[in-house]
Amino acid sequence: MASSSSSASSGYDIPWVEKYRPTKVSDIVGNDDAVSRLQVIARDGNMPNIILAGPPGTGKTTSILALAHELLGSNCKEGVLELNASDDRGIDVVRNKIKMFAQKKVTLPPGRHKIIILDEADSMTSGAQQALRRTMEIYSNTTRFALACNTSSKIIEPIQSRCALVRFSRLSDKEILGRLMIVIEAEKVPYDDGGLEAIIFTADGDMRQALNNLQATYSGFRFVSQKNVFKVCDQPHPLHVKNIIRNVREGKFDDACGSLKQLYDLGYSPTDIITTLFRVVKNYEMPEYLKLEFMKETGFAHMRICDGVGSYLQLCGLLAKLSLVNETAKAA
């Protein structure tokens, strides 16, 4: 971690996501099971081929870079090849670049291997993945592969069977808050509690998003408050969405549609509205069975919006469904 004495101005030189990126596996926040498995690998030094799968911003790339750093130390530069989705990773790259690196002689500590990191591996073409499976076997004595991806099912089965799978999940609010506080103290960021709540709400378990939102709010307004955070992140305000749900619960369908129209006219995309609606419903005070029905209908609407049917009519249809569920529950 950077020292707390670093001046606020140095925050401009480098994004906080990079500045406060952990360099040791033990410093990684959340996903304790996954991190403890990686710590054992770092301690024993015998790294298998691994797939790290999970949502964005949960620490996959950071974990594998920290692991490489601990395993190879000062030889990290020569002993690690990192390829991202932004690089060309077709079949030719696997045949040439990756093979060349696997054949390269590098002096490493005894018992250590070269590491090839393939970030966003689920966007590799099927042909490239097929070419990779043989390379993984031929050079297994000298080289280990680490594949980071959002969905492991997009990695072909033969590669999955050659790798240990480490799953990452979204971080809890408490874990994100803990790291935010370290950064806030180091950068001397003025804030209020509502501002922190808003950052955690908009991040939705994504540490990268949380730190980026914190830095963007601080850079733009010099103060982290709820109002400023929602201005920067440009997401529908949860209180506005809560208001819509309250109107539905009280049987005021026209008012609920009016509030929805306001949000829609402000230019928020239906995807933004529905994801915020889903998160608000999840935390809303209502009977359990009703909450489940609300979440089910919201999920169906989300699916239709993802298929491209993102009209105002679609969202009103959802409110009608929720009102119907609510009235049925009242009558029962």
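The table below lists the values:
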quantity: Residue in region 159-171 that is part of a helix (DSSP H, G or I), open to solvent by less than 60 Å² (accessible area, probe 1.4 Å), β-branched (Val, Ile, Thr) and touching a residue at least 60 places away in the same chain (Cβ under 8 Å) present; calculated: yes
quantity: Members of region 9-31 found to be in a loop (DSSP other than H, G, I, E, B) and in contact (Cβ under 8 Å) with a residue 40 or more places away in the chain, listed by number; calculated: 15, 20, 21, 22, 23, 24, 29, 30, 31
quantity: Number of positions in region 73-98 that are more than 17 Å from residue 140 (Cα to Cα) and surrounded by 12 or more Cβ atoms within 10 Å (Cβ to Cβ); calculated: 14
quantity: Region 172-197, residues that are within 21 Å of residue 235 (Cβ to Cβ) and without any contact (Cβ under 8 Å) to a residue 12 or more places away in the chain; calculated: 193
quantity: Qualifying positions in region 285-332 - under 26 Å from the mean Cα position of the chain (by Cα) and among the basic types (Lys, Arg); calculated: 291, 296, 304
quantity: Residues that are out of contact with any Cys (no Cβ under 9 Å at 6 or more places or on another chain), part of a loop (DSSP other than H, G, I, E, B) and open to solvent by less than 10 Å² (accessible area, probe 1.4 Å), drawn from region 32-56; calculated: 45, 47
quantity: Those residues of region 217-232 which are part of a helix (DSSP H, G or I), among the hydrophobic types (A, V, I, L, M, F, W, C) and surrounded by fewer than 19 Cβ atoms within 10 Å (Cβ to Cβ), in sequence order; calculated: 221
quantity: Residue in region 276-311 that is farthest from residue 201 (Cα to Cα), counting only those that are loosely packed, with under 15 Cβ neighbours inside 10 Å and of a type in the set (Phe, Trp, Tyr); calculated: 289
quantity: Wholly within region 261-332, helices (runs of 4 or more DSSP H) carrying at least 3 residues that are under 20 Å from residue 198 (Cα atoms) and either of a type in the set (A, V, I, L, M) or at pLDDT below 90 (or both); calculated: 270-283
quantity: Count - residues of region 312-328 that are surrounded by 13 or more Cβ atoms within 10 Å (Cβ to Cβ) and free of Cβ contacts under 8 Å to residues at least 60 places away in the same chain; calculated: 9
quantity: Residue in region 202-213 that is small (Gly, Ala, Ser) and either surrounded by fewer than 19 Cβ atoms within 10 Å (Cβ to Cβ) or over 21 Å from the mean Cα position of the chain (by Cα) (or both) present; calculated: no
quantity: Check on residue 140, surrounded by fewer than 16 Cβ atoms within 10 Å (Cβ to Cβ) and either of a type in the set (Asp, Glu) or assigned to a helix (DSSP H, G or I) (or both); calculated: no
quantity: Region 267-284, residues that are in contact (Cβ under 8 Å) with a residue 24 or more places away in the chain and either more than 22 Å from the chain's Cα centre (by Cα) or at positive phi (or both); calculated: 284
quantity: Residue in region 243-252 that is of a type in the set (Lys, Arg), in contact (Cβ under 8 Å) with a residue 60 or more places away in the chain, open to solvent by 20 Å² or more (accessible area, probe 1.4 Å) and closer than 30 Å to residue 214 by Cβ present; calculated: no
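The values are calculated or read from the model by the stated rules, or taken from the named source; none is laboratory data. Small disclaimer: the values here were computed from a predicted structure and weren't measured. Every residue, glycine as well, gets a Cβ built from its backbone with ideal geometry; the counts of neighbours run over all protein chains shown. With ligands, DNA and RNA removed, areas are computed over all heavy atoms of the protein, side chains included. Shrake-Rupley method; radii C 1.70, N 1.55, O 1.52, S 1.80 Å.
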